2 protein chains.
Amino acid sequence: MKFCSDCGNKVSHKVPDGDNLARFICNECDTIHYQNPKVVAGAVIEHQGKILMCKRAIEPRYGYWTVPAGFMENKETVMQAAVRETYEEALAVVSKLDLYAVYNLPHVNQVYIMFHGKLDKPLFGSGAESLEVKLLGEQEIPWDDIAFRVVTMTLKRYFMDKKRGDFRAYTDDVII
Amino acid sequence: MKFCSDCGNKVSHKVPDGDNLARFICNECDTIHYQNPKVVAGAVIEHQGKILMCKRAIEPRYGYWTVPAGFMENKETVMQAAVRETYEEALAVVSKLDLYAVYNLPHVNQVYIMFHGKLDKPLFGSGAESLEVKLLGEQEIPWDDIAFRVVTMTLKRYFMDKKRGDFRAYTDDVII
């Protein structure tokens with residue numbers, strides 16, 4: 001950040017009075033511009049023991065596999081974001097999701113909030129951001145070609161939880 | 001947002017190519033400025049059946065009661081944010097927290113992520129943002145003077161979960 005988004009003048013990076021972290025502050029209008037982590041909403045969607053996975057048609061990680069996930073927008077809930085991403089990326093309709101995981105990625109200032117659920121109907125396809133969408137069983141998943149470590153961690157945990165029959169929500173950190 | 005934070009020129013609010021939501025886009029350098037919900041991290045901290053609560057010394061809701069909670073910062077995890085807020089607002093040290101709830105507040109573009117845990121030691125006090133900090137039992141909590149509905153909802157659920165002995169994490173929406 002170099003300029004104030006309110007008045008267009010230059011900002012400085014300094015600690016405001018009463019604060020203990022440096023912020024971007026406008027040199028003219030004194031507006032403090034806070035910067036905070038973003039939420040990524042994602043979903044592990046199962047159908048008959050297989051997981052809905054998308055081969056990315058966009059950077060970063062073009063050509064690698066992921067579960068539907070993307071940045072949460074203003075004015076929506078995290079679950080609505082996960083439902084929307086599942087439709088946008090995999091053209092799949094899900095209407096009931098359960099909270100599954102909160103992952104911290106502090107090195108990129110992201111919080112992944114993952115849900116799990118089932119496909120409403122076995123209908124899906126490649127959305128604009130996907131080269132290919134498939135239902136894949138644990139042995140079929142291309143484990144060496146997963147786009148993001150948080151996706152690998154979520155899927156490994158999911159198959160473990162499935163074996164023990166306990167999907168209670170948890171939190172973990174992805175530290176790189 | 002009126003000006004581009006990268007180059008200082010004016011922005012327009014319009015839908016970028018390949019997108020379906022209006023964003024602030026710089027008229028000169030074409031940078032797209034996304035705006036996303038913020039995460040608030042909070043904690044229900046118990047000691048001998050009572051909950052650590054703070055009377056707010058700041059706006060909004062000056063003089064009303066809350067549990068420790070505040071905006072998550074870049075470079076930290078949600079749990080670290082909850083631990084930090086508990087210290088800043090209640091001068092209390094907590095070292096082990098469990099994920100408890102994800103609340104959506106889409107009308108203010110916030111996601112509250114709540115944890116629960118116990119005080120490490122029965123030591124606490126009023127941080128700079130608190131007029132008063134107390135340990136309060138269910139009957140002592142000033143239910144009509146809680147700062148935010150999400151705090152009331154979290155505490156009601158907490159006492160219910162305590163009675164049934166099941167604190168598994170859940171998600172809910174605060175719709176106003």
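The values are calculated or read from the model by the stated rules, or taken from the named source; none is laboratory data. Here the structure is a predicted model, which is why all the values come from computation and not from measurement. Virtual Cβ from ideal backbone geometry, glycine too; neighbours counted across all protein chains shown.
Quick check on segment A:59-70. Is at least one of its residues surrounded by fewer than 21 Cβ atoms within 10 Å (Cβ to Cβ) and within 14 Å of chain B (Cβ to nearest Cβ)? Break it down stepwise before answering.
Going residue by residue through segment A:59-70, those that are surrounded by fewer than 21 Cβ atoms within 10 Å (Cβ to Cβ) are A:59-64, A:70.
Narrowing further to those that are within 14 Å of chain B (Cβ to nearest Cβ): A:59, A:70.
Within segment A:59-70 (the criterion being surrounded by fewer than 21 Cβ atoms within 10 Å (Cβ to Cβ) and within 14 Å of chain B (Cβ to nearest Cβ)), the answer is yes, since at least one residue qualifies.
Within segment A:5-53, which strands (runs of 3 or more DSSP E) (wholly inside it) include 3 or more residues that are surrounded by fewer than 19 Cβ atoms within 10 Å (Cβ to Cβ) and at the interface with another protein chain (Cβ under 7 Å from one of its Cβ atoms)? Walk me through it before giving the result.
Working: elements: A:11-14, A:23-26, A:38-47.
So the answer is none; nothing clears 3.
For residues that are assigned to a loop (DSSP other than H, G, I, E, B) and among the aliphatic types (A, V, I, L, M), scanning just segment B:90-128, find the one that is nearest to the other protein chains (Cβ to nearest Cβ). Show your work before the answer.
First, the residues of segment B:90-128 that are assigned to a loop (DSSP other than H, G, I, E, B): B:91-96, B:106-109, B:119-128.
Among the residues that remain, those that are also among the aliphatic types (A, V, I, L, M) are: B:91-94, B:108, B:119, B:123, B:128.
Working: B:L91: 15, B:A92: 18, B:V93: 18, B:V94: 15, B:V108: 10, B:L119: 20, B:L123: 21, B:A128: 7 Å.
Step by step, filter segment B:90-128, then rank; the result is B:A128.
Residues being surrounded by fewer than 22 Cβ atoms within 10 Å (Cβ to Cβ), closer than 13 Å to B:F115 by Cβ and within 15 Å of the chain's Cα centre (by Cα): count how many of those fall in segment B:71-97.
Going through segment B:71-97 one residue at a time, the tally reaches 2.
With the requirement that a residue be in contact (Cβ under 8 Å) with a residue 12 or more places away in the chain and either in contact with a helix residue (DSSP H, G or I) (Cβ under 9 Å, 6 or more places away or on another chain) or away from chain A (no Cβ under 14 Å) (or both), what does segment B:71-88 give you?
B:F71, B:M72, B:T86 - these are the residues of segment B:71-88 that are in contact (Cβ under 8 Å) with a residue 12 or more places away in the chain and either in contact with a helix residue (DSSP H, G or I) (Cβ under 9 Å, 6 or more places away or on another chain) or away from chain A (no Cβ under 14 Å) (or both).
Would you confirm whether or not segment B:99-110 contains a residue that is of a type outside the set (S, T, N, Q) and within 16 Å of B:M53 (Cα to Cα)? I'd like the intermediate steps shown before the answer.
Start the filter on segment B:99-110 by keeping residues that are of a type outside the set (S, T, N, Q), which leaves B:99-103, B:105-108.
From what's left, within 16 Å of B:M53 (Cα to Cα): none.
Looking for residues that are of a type outside the set (S, T, N, Q) and within 16 Å of B:M53 (Cα to Cα), one finds none in segment B:99-110, hence no.
Give just the number: which of (1) closer than 27 Å to B:D173 by Cβ; (2) in the same structural domain as B:S130 (by TED's automatic domain parsing); (3) touching a strand residue (DSSP E or B) at 6+ places or on another chain (Cβ under 8 Å) does B:V108 not satisfy?
The single condition B:V108 does not satisfy is (3).
Could you list all residues from segment A:129-138 that are outside any loop (DSSP other than H, G, I, E, B) and either within 11 Å of chain B (Cβ to nearest Cβ) or not β-branched (V, I, T) (or both)? Even if it seems obvious, please write down each step before you answer.
Pass one, segment A:129-138, residues outside any loop (DSSP other than H, G, I, E, B): A:130-136.
Within segment A:129-138, A:S130, A:L131, A:E132, A:K134, A:L135, A:L136 qualify.
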